[in-house]
Amino acid sequence: MKRRLLVALAVLGALVVVATVVVTGAIPMGTVILSLDQESYRPDETVTLTIRSLRTGSVQFGTPFKIQRFEDGDWVDVPFGLGWADMPEGRFAVWTPILIVLSPGQAYRQSFRPPEHFFEGSKPGRYRVVKEVRVGMIHHDYGAPSRETRTLVAEFRIEG
């Protein structure tokens, strides 16, 4: 009986230590999820992506992301932007330079319409959103480890 009580107390103590470390953000545990509101879209539908933090630390990212189309066995970048600028060198994507910081449990949504934001228009096929985020501790001490870059991916289809 005493042995079971000692084992239970040791397990409880270990759980308290782990929970304290996780809640204070001393260890960057958890993950960041990129999801889409649908798996398949008509060419004129709006695609909404959501980035959700399931971490104990902060998540930082900007508004840009890439769209890729699956062609001949490879993922190929699709010329894409939320706006376009014409320059002497040609047309290029314009993004609003905003830094988004998600705290634990928060989410951020972005939307785009393929016929408006794909330079070449939307073709039927298999696509994916590729988004880079930076993850790190929740507190910003000088001695805190540097942030790590993670690449998030979510696939979708545009129907013909």
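The values are calculated or read from the model by the stated rules, or taken from the named source; none is laboratory data. What you see is a predicted model, and the numbers here were worked out from it, not measured in a lab. Heads up, the Cβs are rebuilt from the backbone with ideal geometry, glycines too, and the neighbour counts pull from every protein chain shown.
Specify the residue that is surrounded by the most Cβ atoms within 10 Å (Cβ to Cβ); the eligible residues are those in segment 51-81 that are under 15 Å from the mean Cα position of the chain (by Cα) and among the aliphatic types (A, V, I, L, M).
Among them, the one singled out is 59.
Right, residue 109: at pLDDT 95 or above, loosely packed, with under 15 Cβ neighbours inside 10 Å and under 20 Å from the mean Cα position of the chain (by Cα) or not?
Considered against the rule, which asks whether it is at pLDDT 95 or above, loosely packed, with under 15 Cβ neighbours inside 10 Å and under 20 Å from the mean Cα position of the chain (by Cα), residue 109 comes out as yes.
Just to be sure I understand the filter: pairs with C-beta atoms under 6 Å, separated by 6 or more residues or on different chains, first member in segment 34-63 and farther than 23 Å from residue 104 by Cβ, second member at pLDDT below 90. Which pairs pass?
The qualifying pairs are 43/122; 44/115; 46/113; 47/112.
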